[in-house]
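Chemist: My questions all concern the structure below.
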Amino acid sequence: MNVTYPTALVLEAIASGSHHGFDIMDVTGLPSGSVYPILRRLEHESFVRARWEKHEIAQREGRPPRRYYEIERAGIAWLEPARRRFRLLAEAVARPRRLKPARAEG
């Protein structure tokens, strides 16, 4: 898989505790048209695994069920060189909401 900043940013967000699409969009500042294709690729590559929440929970909260993502070993292994390449990656996800993707270094 190609090491791109948006892909690394999404994976870092998941590793940092954002587990569903809207949370990932909030912490990364990336639009849904970027986040969801990245999530599908990450799942296809077995870097993350996804599961649907129980319908009862979503129904009780009056919303559609969410798909939750968790990082896998392969994702952690891929994230390490991405962190070196994009040294501010973890800081970007830790900042307040609505980030703008930074330019890659190196």
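Chemist: Look through the range 1-54, keep the residues that are polar (S, T, N, Q) and part of a helix (DSSP H, G or I), and return whichever of them is surrounded by the fewest Cβ atoms within 10 Å (Cβ to Cβ). Before you say what the answer is, go through the steps one by one.
Modeler: At the first step, the residues of the range 1-54 found to be polar (S, T, N, Q) are 2, 4, 7, 16, 18, 28, 32, 34, 46.
From what is left, the residues that are part of a helix (DSSP H, G or I) are 7, 28, 32, 34.
On the way: 7: 22, 28: 24, 32: 11, 34: 18.
Result: 32.
Chemist: Out of the residues in the range 65-106 that are hydrophobic (A, V, I, L, M, F, W, C) and assigned to a loop (DSSP other than H, G, I, E, B), which is modelled with the highest pLDDT? Let's see the steps before the verdict.
Modeler: First, pick out the residues of the range 65-106 that are hydrophobic (A, V, I, L, M, F, W, C): 71, 74, 76-79, 82, 86, 88-90, 92-94, 99, 102, 104.
Okay, now just the ones that are also assigned to a loop (DSSP other than H, G, I, E, B), so 86, 88, 99, 102, 104.
Numbers: 86: 82, 88: 68, 99: 44, 102: 47, 104: 44.
Among those that are hydrophobic (A, V, I, L, M, F, W, C) and assigned to a loop (DSSP other than H, G, I, E, B), it is 86.
Chemist: Further question on the same structure: Hey, among the residues in the range 3-44 that are at pLDDT 95 or above and among the charged types (D, E, K, R), which one's nearest to residue 74 (Cα to Cα)?
Modeler: In this case the residue turns out to be 43.
The values are calculated or read from the model by the stated rules, or taken from the named source; none is laboratory data. What you are looking at is a predicted structure, and each value in this text was computed from that prediction instead of being measured. Note: ideal-geometry Cβ built from the backbone for every residue, glycine included; neighbour counts use all protein chains shown.
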